[in-house]
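Take a look at the structure below.
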């Protein structure tokens, strides 16, 4: 992937063009083409699920289709009424594995409203875990699994390293490849968490006027 594409990865507005699709090309292609009416994706925390949901609703809006992104914690009966009134055609609900009992009922009702009334609307949901192990109603799991379900794969070490090198260069953070390799081997392979730690280490190094070294990384990793 070109450096400019990787720089776009860290832009503010989620878009399919600034998502590293490596290993997830089928998922991204399906979302871009609105291939299925009911789609569910699951993967690790900060793996890019929210980015994809927002990119999907942004694309729908760009095509003149009414859309909405909402976290499961914000679901209420007013939102359900808005969906049933036809206010939104493309609905993305994030983190459904954390849904309250009321939230689960609302998702269930949205699903049934679309399917049973043959409504030309689309529902995209996400979760951090496979729903087979989630504490959700069985009838809701059945509805979700009646659509397309995808596991969002993590980036390879090479892809992560390339993304982090581009990010640190853009931000002017003096992070050597040795230190980045240490993070990948000893901290996490989650891009969001890696960037958060890099920013934290950079701030500490700046305040304390230190170079970024492995001992400094170790101290930040255990805090």
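A short reminder: the numbers here are calculations on the coordinates, not readings from a lab. All values derive from a computational prediction rather than experimental measurement. Here the Cβ positions follow ideal geometry from the backbone for every residue, glycine too, while neighbour counts run over all protein chains shown.
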- request: Give me the distance between the Cα centres of the range 24-65 and the range 177-208, rounded to whole Å.
  value: 28 Å
- line: Per the range 157-221, sqrt(5λ) over the Cα gyration tensor eigenvalues, sorted largest first, in Å, gives 17, 13, 10
- request: Give me the distance in nm between label points sitting 7 Å out from Cα along the Cα-to-Cβ direction at residue 135 and residue 34, one decimal.
  value: 3.7 nm
- prompt: residue 98 to residue 161: FRET efficiency via 1/(1 + (r/R0)^6), r the Cβ-Cβ distance, R0 41 Å, to the nearest 0.05?
  reply: 0.85
field: Residue among 84, 174, 210 with the largest mean-square fluctuation in a Gaussian network model of the chain, springs linking Cα atoms under 10 Å
entry: 210
message: Across the range 101-223, what fraction of all alpha-carbon pairs, as a whole percent, falls in each successive 10 Å bin from zero upward?
response: 11, 32, 16, 18, 18, 5, 0
field: Distance in nm between pseudo-label sites at residue 151 and residue 15 (7 Å out along the Cβ direction from Cα)
entry: 3.2 nm
- prompt: Residues in the range 203-219 near a label at residue 182, defined as backbone nitrogen under 12 Å from the 7 Å Cα→Cβ point?
  reply: 211-219
Helix axis angle, 49-62 relative to the chain longest principal axis, alpha carbon, degrees: 60 degrees
query: Quick one: helix 191-208 against the long Cα principal axis of the chain, what's the angle to the nearest 10°, folded into 0 to 90?
result: 40 degrees
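Given the convex hull over the Cα atoms of the chain, what projected area results after averaging over all orientations, in nm²?
13.5 nm²
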- prompt: Based on DSSP H runs of at least 4 residues, each adding -39500 (n - 2.57), what is the mean residue ellipticity at 222 nm of the chain after dividing by all its residues, to the nearest 500 deg cm²/dmol?
  reply: -15500 deg cm²/dmol
